[in-house]
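Every number here is computed from the coordinates shown, using simple stated rules; none is lab data. Here the structure is a predicted model, which is why all the values come from computation and not from measurement. A quick note on method: Cβ atoms are made from the backbone with ideal geometry, for glycine too, and the neighbour counts reach across all protein chains shown.
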Amino acid sequence: MKKILTQNYKYLNMHLPDPLVINAQFAETDTRSCITAGMLNIPDGKIVVGDPLEYLCHNDFCPVMIKSVKGGKYPVELAYTESSIAGIRVSTARVKFNPKPAVRYEPALADFCGLPKDSDGFFDGFPVYRGMIAFISPQGAEKYGEFVRKWRSENKDKKLYDDYFVPIFMKNAGELAYDEDWNGDFADWTIPDTDLNMVMAVSGFGNGFYRSFWGVDRDGEICELTVPLINSDIIDNAETEHLKIWDGAEYCIVTDRIAADGCKVGYMYRDIPSETFNDSGWRFYEGNENNIYMRDFNNIKIMSIYDVAEKNPEIIPFLHMDTESALYRNENGKFEIDVNLLNSW
C-alpha cells in the first residue's frame, strides 16, 4: 500500500490528465466499473467542488469554478476500482455535460482567496479532511450551510456524518456493499425544502488535496468536470505483483523470533488451515525454537503472509505446496524439503 500511495500521489500531482488514462478508469473490466451516482442540479451552470463534511458546510476552501456550462441537470459518474489490496475505491468522479469523450483537459480554475494560487493567481483544487468530495451548485452550497447549522443546533448530541448521512450512504450502497461494516460511499442527497441537491462520494484514498479539470471534446466544447482520485492502473499492477506472491488466504502463524525479533524464516510447514481465521495453513519458524518456547502461546503470532514474504522472498516459490509440506533452510541458505517431517516438530 505504501508503494501504491506514493505512485498515486505522483498521479494526483500531474500537470494535466491524459484523456486515455481517465477514460480507461470508466471502462468495464474485471477490476473496474462505473455508476451514475445522481443527477446534479446546477441552475445557472456554476459548480462548486469540495469536502461536504468539513469545508462545504462552513463555505471554506470550496471553489466556485470560474467557467460555467448551460444550466440544467447533469449525471455524476463514479468510476470504481476493486482489488484484494485496496478493496473497492472510487477512482474518478466527474459531471458529464455531454456523452462525448474528452480529448484534452484544462485546469478548472477558481478565483478563491483561501488557498495558495498558481502563477496566474488561480488554483484548481480543494482540500479533503473528512474523506468525502461533493459536487453542488453555489446556491445549493449556501442552502447546505444553512441546513447544517440548523441541524446541529437542533441535534447537539449527534454527529452529522454518523447520525444523519450514514443511513443515506448505506441506502445507496447496493451491490457495492462488500463488507458488513461498510457504510457505502456515495449519495445523491436533496437539501430539505429545496430542489437543490449534492452528489457526494468517498474520495479515493481519503484525505489530501485533489484537483479538478474541465474535459474538452473534439468539437472544443466542455464535456465534463473531472476529479481524478486514483489511477486504477497502479492498483491493477500492484494486484498482479501481489498475486505473484500469493493468491490464497492471507494469514499465517509465526513465532516471535520472526514477528518480533526480525529473524529470517528457517523452517516452514503447511498445516491444515484453521477455520477460526483466514488461514493459509503456513507456519513459519526461525528454526531454533525449543519445546518450552513453543508451549508459551505469547511467543506465537498471526501475521500476513505478504509481510513474511516481503522480508523472506526465498519462501515465495514454495507457498503453493500442499498441506503437510515442510522445508528447512540448509547451510547454504537454500530451502530443501524436509523428508523427515514426522520427526521434525
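If the chain linking MET39 and TRP151 were pulled fully straight, counting 0.36 nm for each residue of separation and taking away their Cα-Cα distance, it would gain 37.9 nm. Viscosity 1.002 mPa s, temperature 20 °C: give me the Stokes-Einstein translational D for the chain in µm²/s, with Rh taken as the Kirkwood radius over C-alpha pairs. Calculated translational D: 93 µm²/s. Remark: for residue pairs LYS73/LYS150; LYS143/LYS171; LYS46/LYS158; LYS3/LYS264; LYS10/LYS244, the C-alpha separation exceeds 29 Å in LYS46/LYS158.
Per residue, what volume in Å³ does the convex hull of the Cα atoms of the stretch 1-156 enclose?
Enclosed volume per residue, from the Cα hull, is 151 Å³.
Under 8 Å for C-alpha pairs, at least 6 residues apart: give me the relative contact order for the chain, rounded to a whole percent. Reported as a whole number, the value is 17 percent.
Measuring r between the beta carbons of LEU243 and HIS58 and using R0 = 41 Å, the FRET efficiency lands at 0.40. Summarised as an ellipsoid, the stretch 187-287 has semi-axes of 48, 19, 14 Å, derived from the eigenvalues of the Cα gyration tensor scaled by 5 and square-rooted, with the largest first.
Taking trypsin sites (Lys or Arg not before Pro) across the stretch 185-280, the ones in a DSSP loop with at most 12 further Cβ atoms lying within 10 angstrom of their Cβ are ARG218.
Mean residue ellipticity, 222 nm, helices only, the chain: the sum of -39500 (n - 2.57) across DSSP H runs of n ≥ 4, divided by residue count and rounded to 500, is -6000 deg cm²/dmol.
Annotation for the stretch 251-345: GluC sites (Glu not before Pro) lying in DSSP loop with at most 14 further Cβ atoms inside 10 Å of their Cβ are GLU275, GLU324, GLU331. Restricting the stretch 1-107 to chymotrypsin sites (Phe, Trp or Tyr not before Pro) that sit in a DSSP loop and have at most 16 other Cβ atoms within 10 Å of their own Cβ leaves nothing. Sorting the segments 138-146, 185-193, 297-305 by their residues' average number of neighbouring beta-carbon atoms within 10 angstrom, most packed first, yields 138-146, 185-193, 297-305.
In the stretch 246-343 the Cα-Cα distances spread across 10 Å bins starting at 0 as 16, 53, 30, 1 percent of all pairs.
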